[in-house]
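The values are calculated or read from the model by the stated rules, or taken from the named source; none is laboratory data. Not measured: the values here are computed from a predicted model. When we count neighbours, we look across all protein chains shown, and the Cβ atoms used for this are built from the backbone with ideal geometry, even at glycine.
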């Protein structure tokens, strides 16, 4: 049982900074990366705000953890599903998000986008295939 | 069946801590196994021995300790979340030069890997939060 | 794979129930508990959203109804009132649990 690879999905539905959920959730993803599971992240509802570029916390004296998303690729966390409808509802497009990438070792280390824009229906199908859902 | 429970909220502020306890008890009564209860975010406050509710209210911390003792439960408080919120065991007290420890009976402090491992080894992960 | 979705927030305060309903597929189950029980009450503006969702099994946690003074006859027809033992059964019967916290 412990040897099998499970499909892990980390659900992000909360905005950053207002509460600590987004940051502490990311800490689990970083630790979890060492366990060699099949990891995905989903960003829906206010969770899409976590990926907005240009975050600057200098005047609120909080830790800006947004650079950590860029490091996820180095941890082999390369599937960040962003729900299209949640972006649209908030007047956002992919252009508003950080350009997160990873190097694909199976494709001569080609640089690829980690963010995968999916519809709500597509994300529902992806969630259906998961073994474990982490919510924070 | 093996269940793992994740508790994201502290006692009294949110019902999540109560719901998680009632669910855990029901899992055990149904004859299933609880492989771990993992306390994260403000949920780490379920594991402080300093909690002193009024006499006519439930003692959420003691309730966990008692259930843990009865069923030999693995009650794990996340170390990073706990340190942020001022919950330390003897080891963490010494390591961080603090004057006291306050981990409640039956709880242990450990890393986030314990949550990930619970996700891998359990048949069901059930999350209680805000 | 079937999923047990759990919703613990009032649909009048948070969007978690709405999001859950958008994601719950036919054959899955939705359990309303804690303040989520307010989504299970007849005659509200959200009740019809629940009843309009075909192929999803709805449950509401009895102890949380009772605690809030909501009598069982106020619960929307077709939503089954369950206890904690049934909550456990639902979690076991489905392949996984997704908490809409």
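Just a few scattered comments:
- Residue count for region B:12-41, restricted to those that are closer than 24 Å to residue B:84 by Cβ, assigned to a loop (DSSP other than H, G, I, E, B) and in contact with a strand residue (DSSP E or B) (Cβ under 9 Å, 6 or more places away or on another chain): 3.
- Residue within region B:84-101 that is away from every other protein chain (no Cβ under 14 Å), in a loop (DSSP other than H, G, I, E, B) and surrounded by 21 or more Cβ atoms within 10 Å (Cβ to Cβ) present: yes
- Lone unmet requirement of (1) outside any loop (DSSP other than H, G, I, E, B); (2) within 14 Å of chain C (Cβ to nearest Cβ) for residue B:44: (2)
- Scan of region A:3-19 for residues that are assigned to a loop (DSSP other than H, G, I, E, B) and either in contact with a strand residue (DSSP E or B) (Cβ under 6 Å, 6 or more places away or on another chain) or over 17 Å from residue C:20 (Cβ atoms) (or both), ordered by number: A:3, A:4, A:5, A:6, A:15, A:16, A:17, A:18, A:19
- Residue C:58 fulfils the conditions (1) touching a strand residue (DSSP E or B) at 6+ places or on another chain (Cβ under 6 Å); (2) within 14 Å of chain B (Cβ to nearest Cβ); (3) under 25 Å from residue A:131 (Cα atoms) except for a single criterion, (2).
- Candidates are the residues of region A:35-58 that are in contact (Cβ under 8 Å) with a residue 24 or more places away in the chain and assigned to a helix (DSSP H, G or I); the one that is surrounded by the most Cβ atoms within 10 Å (Cβ to Cβ) is A:50.
- Note on region A:67-136: enclosed strands (runs of 3 or more DSSP E) holding 3 or more residues that are within 14 Å of another protein chain (Cβ to nearest Cβ) and at pLDDT 95 or above are A:132-135.
- Within region C:1-88, helices (runs of 4 or more DSSP H) holding 3 or more residues that are modelled with pLDDT under 95 and surrounded by fewer than 21 Cβ atoms within 10 Å (Cβ to Cβ): C:47-52
- In region A:83-119, the residues that are touching a helix residue (DSSP H, G or I) at 6+ places or on another chain (Cβ under 8 Å) and farther than 20 Å from residue A:73 by Cα: A:84, A:85, A:86, A:87, A:90, A:92, A:93, A:119
- Output for region B:56-80, where each listed residue is in contact with a strand residue (DSSP E or B) (Cβ under 8 Å, 6 or more places away or on another chain) and part of a helix (DSSP H, G or I): B:61, B:64, B:65, B:68, B:71, B:79
- Exclusive hit being on the phi < 0 side of the Ramachandran plot and within 13 Å of another protein chain (Cβ to nearest Cβ), set A:5, A:52: A:5
- Answer residue from region B:16-37, given it is at the interface with another protein chain (Cβ under 10 Å from one of its Cβ atoms) and in contact (Cβ under 8 Å) with a residue 60 or more places away in the chain and is farthest from residue B:1 (Cα to Cα) among those: B:16
- Answer residue from region B:102-130, given it is part of a loop (DSSP other than H, G, I, E, B) and within 14 Å of chain C (Cβ to nearest Cβ) and is farthest from residue A:9 (Cα to Cα) among those: B:130
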